Amino acid sequence: MAAYVISKELDPAKDTVLFEGKDHKVIYLGSRRGSEAKGVDVLSYLVIDRGEGIIIDPGGYALFPLIVFNVSKYISLEKIKYLYFCHQDPDVCGSLPMWKDVCPKAKIVIGELWSRFLPHFGVTEVEESLEALPKEGKRIPLGRSHLEAIPAHYMHSPNHFTLYDPVSKFLFTGDIGIALGNFKYLVVNDWLEHLEYLYTPHRILMASNKVTKQWAERVKKLEIKAILPQHGAIIPEEFVPYFIKFMENLKCGVDLI
Ligand SMILES: [Fe+2]
Ligand SMILES: [Fe+2]
């Protein structure tokens, strides 16, 4: 029997199993507190299916000791099959060279546009290490399941992806659904209050309504139990339709020039 723990009481400072099914787990890595005062906060996640793991957006340099410690509670590092980076920013990729040191066999999953930038993170054997995502997205096999990389280009990065887990029905959205501000919760409780924190980053970072609307159309077809962004707070199922509507109607980026 699958169990969800998307509770309003969750502590951003603590790693937590958010979903547990038969041989499948999704873990929040307790990263938001770890990045406080050192830059913009970060939410990192781990998905395990039948003993194989993928780390979703491991975060910047300063977060590495905390994340590697927390990941090791759930899976041995040699079982990490992929290090996934939704796009190229330092708050997502800054810890990449350290991860390659401790998980030398793990594949780096990132949009193909960014593959030629990997040597600048200190990745030398790019060919052997890379699982590049084509712009139309692809399936990433994990254990006996898979994750679906869904295009989210220009939101904000020109080569950006969201990741759907068909087992937990979680959508990992990277810089989409992020919220910035001085709030303490990990799971959104009050949608109107949270909108205040969502609005400014989306207005500034997303390229235009054309792309946000297209993305909303794409993800509307999915059954989504929660939206798990890379900053701010997790959006639980009850608010997912509100968030998709928000993205459909958003005026942002070049719309405002
Ligand atoms: Fe970013
Ligand atoms: Fe980010």
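The values are calculated or read from the model by the stated rules, or taken from the named source; none is laboratory data. These numbers were taken from a predicted model, which means no experiment stands behind them. Cβ atoms come from the backbone with ideal geometry, glycine included; neighbour counts cover every protein chain shown.
Okay, residues lined up against (1) at pLDDT 95 or above; (2) over 27 Å from residue 134 (Cβ atoms); (3) among the polar types (S, T, N, Q):
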residue: 162; (1), (2), (3): yes, no, yes
residue: 175; (1), (2), (3): yes, no, no
residue: 189; (1), (2), (3): yes, yes, yes
residue: 194; (1), (2), (3): yes, yes, no
residue: 213; (1), (2), (3): yes, no, no
residue: 217; (1), (2), (3): yes, no, no
residue: 222; (1), (2), (3): yes, no, no
residue: 255; (1), (2), (3): yes, yes, no
_Test for residue 205: is it within 17 Å of the chain's Cα centre (by Cα) and either over 17 Å from residue 28 (Cβ atoms) or without any contact (Cβ under 8 Å) to a residue 40 or more places away in the chain (or both)_ = yes
*asked:* Exactly one of these conditions fails for residue 146: (1) farther than 19 Å from residue 223 by Cβ; (2) away from ligand 1 (no atom under 16 Å from the Cβ); (3) within 16 Å of the chain's Cα centre (by Cα); (4) free of Cβ contacts under 8 Å to residues at least 60 places away in the same chain. Give me its number.
replied: (1)
*asked:* Taking the criterion of being more than 21 Å from residue 162 (Cα to Cα) and touching a Leu at 6+ places or on another chain (Cβ under 6 Å), would at least one residue in the stretch 76-97 satisfy it?
replied: no
*Filter the stretch 201-257 down to residues that are over 29 Å from residue 46 (Cβ atoms) and of a type in the set (Asp, Glu) and give me whichever is surrounded by the fewest Cβ atoms within 10 Å (Cβ to Cβ).*
217
*The listed residue being modelled with pLDDT of 95 or more and more than 15 Å from the chain's Cα centre (by Cα), out of 35, 76, 44, 7*: 76
*Return the total of residues in the stretch 61-115 being buried (at least 19 other Cβ atoms within 10 Å of the Cβ), in a strand (DSSP E or B) and either touching a helix residue (DSSP H, G or I) at 6+ places or on another chain (Cβ under 9 Å) or not β-branched (Val, Ile, Thr) (or both).*
8
*If you check every pair at least six apart or on different chains, which have Cβ atoms under 6 Å apart with a residue in the stretch 74-89 that is closer than 19 Å to residue 121 by Cα and touching a residue at least 12 places away in the same chain (Cβ under 8 Å) first and a residue that is within 16 Å of ligand 1 (Cβ to nearest atom) and assigned to a strand (DSSP E or B) second?*
84/56; 85/110; 86/161; 86/174
*Go through the residues of the stretch 214-232 one by one and say whether even a single one is over 26 Å from residue 15 (Cα atoms), in contact (Cβ under 8 Å) with a residue 12 or more places away in the chain and within 16 Å of ligand 1 (Cβ to nearest atom).*
yes
*asked:* What pairs come out if I take residues in the stretch 154-168 that are in contact (Cβ under 8 Å) with a residue 40 or more places away in the chain and outside any loop (DSSP other than H, G, I, E, B) and pair them with residues that are of a type outside the set (A, V, I, L, M) and surrounded by fewer than 24 Cβ atoms within 10 Å (Cβ to Cβ) whose C-beta lies under 6 Å away, six or more apart or interchain?
replied: 164/148
*Please state which of the following conditions residue 167 fails to meet, knowing it meets all the rest: (1) of a type outside the set (Phe, Trp, Tyr); (2) surrounded by 20 or more Cβ atoms within 10 Å (Cβ to Cβ); (3) under 30 Å from residue 210 (Cβ atoms).*
(3)
*Matching residues in the stretch 142-156 - criterion: being closer than 24 Å to residue 203 by Cα and out of contact with any Phe, Trp or Tyr (no Cβ under 8 Å at 6 or more places or on another chain)*: 153, 154, 156
*Kindly establish whether residue 162 is within 22 Å of residue 7 (Cβ to Cβ), of a type in the set (Val, Ile, Thr), surrounded by 15 or more Cβ atoms within 10 Å (Cβ to Cβ) and within 16 Å of ligand 2 (Cβ to nearest atom).*
no
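Residues checked against (1) in contact (Cβ under 8 Å) with a residue 12 or more places away in the chain; (2) of a type in the set (D, E, K, R); (3) touching a strand residue (DSSP E or B) at 6+ places or on another chain (Cβ under 6 Å):
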site: 26; (1), (2), (3): yes, no, yes
site: 42; (1), (2), (3): yes, no, no
site: 52; (1), (2), (3): yes, yes, yes
site: 65; (1), (2), (3): no, no, no
*Mind checking whether some residue in the stretch 98-117 is within 14 Å of ligand 2 (Cβ to nearest atom) and more than 21 Å from residue 150 (Cα to Cα)?*
no
